[in-house]
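The values are calculated or read from the model by the stated rules, or taken from the named source; none is laboratory data. Please read all numbers here as calculations on a predicted model, not as lab measurements. When we count neighbours, we look across all protein chains shown, and the Cβ atoms used for this are built from the backbone with ideal geometry, even at glycine. Remember, those area values only see protein heavy atoms, side chains included, never the ligands or the DNA or RNA. Shrake-Rupley method; radii C 1.70, N 1.55, O 1.52, S 1.80 Å.
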Amino acid sequence: QAADPLAHHRQVLGKRRLEDILADLLALPAEEKARDDARTRALEQLRALLLLRPEEAARIPALLRTQGLSPQAASSMLGALSAASTPESLRALVQATGDTALTSDVRMDAVSALGMADNPIREGVDTLRQLSRTDDPKLRGTATLALGNAALQLSDTAGRDAEALVQELKGDYRAARDAEQRALLLRSLGNTRSPGVLDTLTEALRSDSAR
């Protein structure tokens with residue numbers, strides 16, 4: 001008989017519910033190591049919950065607005081969505097990136113988490129693309145870097161989509177009008193880890209040394 005692929009997640013979660021995990025995150029210890037341990041435990045339990053009951057992800061964007069939820073606690077929730085990487089979890093991240101009721105830092109965290117997800121969905125990549133053109137410089141920078149990460153994640157499952165995204169970033173680099181934007185796009189291209197960006201990176205190094 002084949003082993004249950006979700007057995008480990010059932011063991012990690014036990015009888016805990018989303019409400020129990022949220023309560024833990026609202027009562028994080030003050031001491032740094034204890035706080036980090038509690039955050040890690042909550043992230044692992046929440047990831048297990050999201051893999052066992054993917055529909056629970058839809059509740060998280062509203063919970064991120066909970067009074068008294070610290071940025072560190074929100075980060076654990078966003079990290080769990082990214083680690084679960086189900087379509088439902090990624091749609092919840094998309095929703096969080098656009099929620100103007102959240103602080104800029106939490107939204108940037110959601111953008112980064114979306115870029116790091118194992119199984120990118122088109123809606124997530126489209127959201128990162130839109131945010132890479134927003135007026136908010138912090139969100140724009142985070143989304144641009146996240147697009148490079150998304151291309152790396154896509155390379156495992158959707159090589160053609162990954163290559164198209166790499167080409168798009170290379171085009172954006174060539175069209176960039178200032179040094180700051182070019183530097184940001186070079187970092188994003190580096191995040192893709194694609195052999196196809198070596199020519200652009202080499203060219204950038206050459207032009208830098210010629211100045």
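With respect to D172, is the statement that it is open to solvent by less than 60 Å² (accessible area, probe 1.4 Å), within 15 Å of T97 (Cα to Cα), in contact with a helix residue (DSSP H, G or I) (Cβ under 9 Å, 6 or more places away or on another chain) and not aliphatic (A, V, I, L, M) true? No; evaluated as a whole, the condition is false for this residue. Out of region 121-146, which residues are of a type in the set (V, I, T) and over 13 Å from the mean Cα position of the chain (by Cα)? The answer is T134, and nothing else. A search for C-beta distances below 6 Å between a residue of region 33-54 that is among the small types (G, A, S) and any residue that is assigned to a helix (DSSP H, G or I), counting only pairs 6+ apart in sequence or on different chains, returns A42/I21; A42/D24; A42/L25; A42/S76; A48/H9; A48/V12; A48/L13. Considering region 11-48, and only residues there that are over 21 Å from P71 (Cα atoms) and hydrophobic (A, V, I, L, M, F, W, C), the residue that is most open to solvent (accessible area, probe 1.4 Å) turns out to be V12.
Let's see how each residue does on (1) within 21 Å of R41 (Cβ to Cβ); (2) among the small types (G, A, S); (3) open to solvent by less than 20 Å² (accessible area, probe 1.4 Å):
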{"residue": "A80", "(1), (2), (3)": "yes, yes, yes"}
{"residue": "R91", "(1), (2), (3)": "no, no, no"}
{"residue": "G115", "(1), (2), (3)": "no, yes, yes"}
{"residue": "N119", "(1), (2), (3)": "no, no, no"}
{"residue": "R122", "(1), (2), (3)": "no, no, no"}
{"residue": "T144", "(1), (2), (3)": "no, no, yes"}
{"residue": "G148", "(1), (2), (3)": "no, yes, yes"}
{"residue": "L152", "(1), (2), (3)": "no, no, no"}
